[in-house]
Amino acid sequence: MRFEKTRFVVVAAIVVVACGGGCARTLVQHSSADAHTRLDATSELDFWDELAQAPAVSNRDALHAIALEYKLLGTGAEPNFESELRLARERNWVSGSDELVSSETASVGWIARAVCLESGIDGGLTMRLVGPVPRYAVRELAYLGFIPQTSEWQPISGLRLIALLSKAERRAAPESTTEPTEGF
């Protein structure tokens with residue numbers, strides 16, 4: 001009887017430890033944004049090239065990519081995580097209570113929220129009623145075909161982030177008003 005009780009406690013402890021450890025976000029060892037901080041064309045192209053090869057994007061890289069895409073980086077001092085996080089809070093991409101760690105993998109949810117806010121994507125009825133919360137922002141971008149249907153907590157790869165930002169840019173760009181020429 002005593003052995004069974006001890007065995008139950010040990011198995012329960014293993015299950016709790018195994019489940020609890022699965023909730024932590026993965027850390028990204030190298031940040032492309034930290035490697036390419038200058039605000040010139042060469043550094044920006046190097047950043048996008050390196051980001052495309054990343055299997056998972058850190059919060060630092062995602063903030064930098066979104067700020068670059070929507071041309072929100074000033075010409076003053078070189079951007080850093082703190083200044084870009086401050087920008088994200090000012091533009092309501094993340095709430096003041098959200099704790100973003102620079103080297104943690106970025107979740108699709110807050111990225112989707114930022115893209116919806118910056119691109120003027122209003123969404124369906126639920127998103128219009130409750131606002132662009134991460135869950136409904138992800139659903140709206142999946143509906144539009146910008147990203148596959150996924151959980152708001154899932155990390156995003158560099159290539160998928162670039163594709164998402166590219167699709168959002170194409171949607172926001174005005175269509176050409178020139179008429180096609182005859183014969184072409």
Report task. Just add up the charged neighbours of G145: K/R +1, D/E -1, any other residue whose Cβ is under 14 Å from the Cβ of G145. Result -> +4
Requested in this report: Grab the Cα-Cα distance for D98 and D122, subtract it from 0.36 nm times how many residues apart they are, and report the gain in nm with one decimal.
Outcome: 6.4 nm
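Taken together, the values in this text are just the output of simple stated rules run on the coordinates, not laboratory data. Bear in mind the structure is a predicted one, so any value in this text is a computation, not a measurement. Heads up, the Cβs are rebuilt from the backbone with ideal geometry, glycines too, and the neighbour counts pull from every protein chain shown.
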